[in-house]
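Just so it is clear, none of the values below were taken in a lab; they were calculated from the coordinates. What you see is a predicted model, and the numbers here were worked out from it, not measured in a lab. Glycine also receives a Cβ, built like all others from the backbone with ideal geometry; neighbour counts cover every protein chain displayed.
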Amino acid sequence: MDFWPEFLASSWGKEFVAGGFGGIAGIMAGYPLDSIRVRQQSSASGSAISILRNVARAEGPFALYRGMGAPLPLLLFRCTKLVKIHLLRGKQAVLITQQVFLQNAMVFQIYAILSRGFDPSTSSTEPPSYKGAALGGFGAGAIQSLMLSPIELIKIRLQLQTRAQNNHTERGPLSVAKNILKAEGFRGIYRGLTITALRDAPSHGFYFWTYEFMREKLHPGCRKSGEESFDTMLVAGGLAGVASWVCCYPLDVIKTRLQAQTAASRKYDGIVDCFRKSVEQDGFSVLWRGLGTAVSRAFVVNGAIFTAYETALRIFFSNNGNSDSNTNQEALHTDSAV
């Protein structure tokens, strides 16, 4: 009964919940662009505009939200019941996001811990160093891939479905997960884990380092004071998202192609084979297909994520105004650096 008040009274609790709200803001802002990116990466050709036009005409605009409720974390962490947001698609209500909430909450919390652990020379009253930010992000990305890989697999399968397939085969995330487990076993649900980790570890290192660097450049001194403007949060968060995608985008293309194939439509035998066949068939440009869509989405999504995250932290700490000021100030230094 008293778990949540006590949890939110702690610095870790505030970081966890604020990270969850950031994730919700991000996915609501950019999911349609993510669906277009996946279709670009898995197809032989097609611009973002033509894909958008074709999907909207053939399947309706809400088809771009297909896969938004990928439910593995819901199944694994049902007891948390953190978020219940529903998106209506026809007669179907899609539960969005415990996955979004938990994934981002975990990433921000892990980052907050590792960024200090990798650079213990930094005082607890100071924000993490740039070295700590990069290494903490690297570690957080690697760890989160264990949770994210099955979710991405299910999401990609749903995003690539046509209306006819959706009506006659896999109607939602649970159906996709059951079919994968039935046809390929537990190993099938983790297809793409290696490439997901190879993508997410360096991309999250760039992500958090870029955010910390850019917010300080845009608003000198804000890493210590935590008083940057919303414009600073949006721009720094957006640029962090862009940097994280550009540094790892070819790996993301390979990941999408590996996870899009089913047991019945297997084309690639692994990461190297997928890379070789993709380049042989479509040239090296295939490794950057959909980058414009991904970068546009990344700026919008990550600007929203960091703005929501920092705003939530400020609200949590302002509501703790009667607590000891020194304790709050120390926690704020830690949180505002994430």
Practice problem: For the stretch 273-287 and the stretch 227-266, compute the distance between their C-alpha centroids and round to whole Å. | Solution: 19
Quiz item: Fully extended, how many nm does the chain gain between VAL246 and ALA264 (0.36 nm per residue separation, minus their Cα-Cα distance)?
Solution: 3.3 nm
Exercise. Obtain the nm distance between the two label points defined at ASP231 and LYS178 by a simple spin-label model: each point lies 7 Å from its Cα along the Cα-to-C-beta direction.
Key: 5.3
Self-check item: Rg(Cα)/(2.2 N^0.38 Å) for the stretch 114-217, N = residue count
Solution: 1.46
Self-check item: Evaluated at q = 0.14 Å⁻¹: base-10 log I(q)/I(0), Debye formula over Cα of the stretch 233-326
Solution: -0.66
Self-check item: Extension gain (nm, one decimal) between ARG57 and ARG276, 0.36 nm per residue minus Cα-Cα
Solution: 75.4 nm
Practice problem: Convert each backbone phi in the stretch 145-156 into a coupling constant with the Karplus relation 6.51 cos²θ - 1.76 cosθ + 1.60 (shift: θ = phi - 60°), then list the ³J(HN,Hα) values in order as whole Hz, x for Gly and Pro. | Solution: 4, 4, 8, 6, 4, x, 5, 5, 4, 5, 4, 5
